[in-house]
Amino acid sequence: MSATRRQILCAAAALPLLGKRASASSNRDIIQVRAPAGSTTGKLLFKGREYACALGRSGILHPKHEGDGGTPTGIFPLREVRYRPDRMAAPKSGLPIYKAAPRDGWCDDPQDAAYNRLVRLPYRADAETMWRDDHLYDVLAVIGYNDAPPFPGAGSAIFLHVARQNGNALLPTSGCVSMRIEHVLAVLAACSPGTMIDIRPD
């Protein structure tokens, strides 16, 4: 194994532990996400309510790295809410709320200086389109995973967003947590500026 690969794995392994230490003494609201090991579906518990949610196609993983399809385990802040103003009114939330724009992207190139950051498209490196034709990003909360600062290769673009569905079934994500839109809106409305999300297997 190369020295660079070892550095990536060690840093990825440390990320959730740092999050847990930082929040252990906090009295802030905690969103709990729980699922059986390896499962792509689970439950999200917040303010006495339980919601069905979907997870990454590889389940909840530790450590996590770019492209593995896993949802990271740990306790992380919710940074902000972003929504499509052409599709819906501004959601209610105690988190900062921003309007999305057609040129919004999210860099997922570990070699780029803007890795795991919002960028404007077209961009010089690989970046995910945030202004999607489907409805997955009509409203989302940015989960503060691997962003303070981002470590190259440890994973990017981890959101709480609207689920892709097949009938009533929630389909796996690429690593995010997703729910039905009415449940996303209900959770965001109950969030305060200090709300955290705690993701772990049962």
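Bear in mind that the values in this text are calculations on the coordinates, not laboratory data. None of the values given here were measured: they were computed from a predicted structure. Cβ placement follows ideal geometry from the backbone for every residue including glycine, while neighbour counts extend to all protein chains displayed.
Here are the numbers:
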| item | result |
| --- | --- |
| The chain, relative contact order [Cα under 8 Å, separation at least 6], % | 29 |
| Overall Cα dimensions of the range 3-201 - principal axes, largest extent first, Å | 47, 40, 33 |
| Amide hydrogen neighbours beyond the local backbone of Ala127, cut-off 5 Å, H modeled | Asp108 |
| Partners for Lys92 among aspartates and glutamates (Cα-Cα distance below 17 Å; same-chain residues under 8 apart left out) | Asp29, Glu80, Asp138, Glu182 |
| Gaussian network model of the chain, Cα within-10 Å springs - most flexible of Arg79, Arg34, Arg103 | Arg103 |
| FRET E, pair Asp202, Arg164, Förster distance 22 Å, beta-carbon r, rounded to 0.05 | 0.40 |
